[in-house]
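The block underneath contains the structure these notes are about, expressed in structure tokens.
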Amino acid sequence: MSASTTQIKAYIQAADAVIREHAEEVTELDQAIGDGDHIANLKRGLAALDALAEELGRMDWSAAFQKIGMSLMSSVGGASGSLYGTFFLSMSKAMRDKDMNLPNLAEAFSQGVESVKQRGKADLGEKTMLDVLIPVANALRQAAQESWGLPQAIETVNRVAEAGCESTRDMIATKGRASFLGERARGHIDAGARTSQLMIGAIGDVVAKNSPSA
Ligand code: ADP
Ligand code: MG
């Protein structure tokens, strides 16, 4: 089952739009405890994906995720480039010969998160994007196991992503650049947690809009 160009384009554009809308806010967060380049890194990655949208739309999901992962690895740079790259390469492996549906997506997303944990040697509670990605993976798996409808799945994913993002505010960082700050990192949301939550929310909105049952 191919991903379809319009669908892929809509996801990429939704992610790009939400990142641009929140660029200033995220840059402030990133300047407080990172090196301030996170938004520029993501914009480069999303521009690279946008240029590939036609090609991605002709591929099946596994091939599309592989191309996305490789493109992010080479275009984004920074810690987030290799982490997002790894995430999509692992999703690609998990989606091989599979249709896109909630159970398969939940499994692939979980595999992706697992590989991010391994690659970054990080877990829940370390003030990173994983504080959003891990709860989202759990919510997707629960949604699949309990056969939730899309609206409930999307609403729950959004809720746990927002809570996960907010939870990073009071954490100290033990991984990435913010770990050098020790206690001074407390009081600021992690930029990578915020952008992953924003992009997941934006993509969920497009899924909800395009799905007749949602
Ligand atoms: P860099 O830190 O190299 O400048 P970015 O600014 O693009 O890269 O991304 C920083 C974000 O990456 C952080 O806000 C955090 O969410 C995430 N991150 C950093 N290190 C790790 C890690 N080891 N595991 C998971 N996420 C990480
Ligand atoms: Mg940075």
Review point. Which of the residues belonging to the stretch 140-169 are small (Gly, Ala, Ser) and outside any helix (DSSP H, G or I)?
Key: 147, 149
Check your understanding: Of all the residues that make up the stretch 23-35, how many are surrounded by 16 or more Cβ atoms within 10 Å (Cβ to Cβ) and not hydrophobic (A, V, I, L, M, F, W, C)?
Key -> 3
Point to revise | The lone exception for residue 95 - which of (1) surrounded by 21 or more Cβ atoms within 10 Å (Cβ to Cβ); (2) within 13 Å of the chain's Cα centre (by Cα) it fails | key: (2)
Study note, to complete from the structure: Here, helices (runs of 4 or more DSSP H) confined to the stretch 9-118 with at least 1 residues that are acidic (Asp, Glu) are 23-33, 38-57
Exercise for review: Give the residues of the stretch 183-206 that are among the charged types (D, E, K, R), more than 10 Å from ligand 1 (Cβ to nearest atom) and within 17 Å of residue 18 (Cα to Cα), sorted by residue number.
Suggested key: 205
Check your understanding: Within the set of pairs 6+ apart or on separate chains, which have a first residue in the stretch 68-87 that is closer than 15 Å to residue 191 by Cα, a second that is modelled with pLDDT under 95 and open to solvent by 10 Å² or more (accessible area, probe 1.4 Å), and C-beta atoms under 6 Å apart?
Key -> 79/176
Check your understanding: Residue check: is residue 4 surrounded by fewer than 20 Cβ atoms within 10 Å (Cβ to Cβ) and either within 16 Å of ligand 1 (Cβ to nearest atom) or basic (Lys, Arg) (or both)?
Key -> no
Review point. Out of all the residues in the stretch 124-140, is one or more open to solvent by 60 Å² or more (accessible area, probe 1.4 Å), within 13 Å of ligand 1 (Cβ to nearest atom) and modelled with pLDDT of 95 or more?
Key: yes
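The values are calculated or read from the model by the stated rules, or taken from the named source; none is laboratory data. If you're wondering where the values come from, they're calculated on a predicted model, not measured in any experiment. Glycine also receives a Cβ, built like all others from the backbone with ideal geometry; neighbour counts cover every protein chain displayed. To get the accessible areas, we keep the full protein, side chains included, count just its heavy atoms, and leave off ligands, DNA and RNA. Shrake-Rupley method; radii C 1.70, N 1.55, O 1.52, S 1.80 Å.
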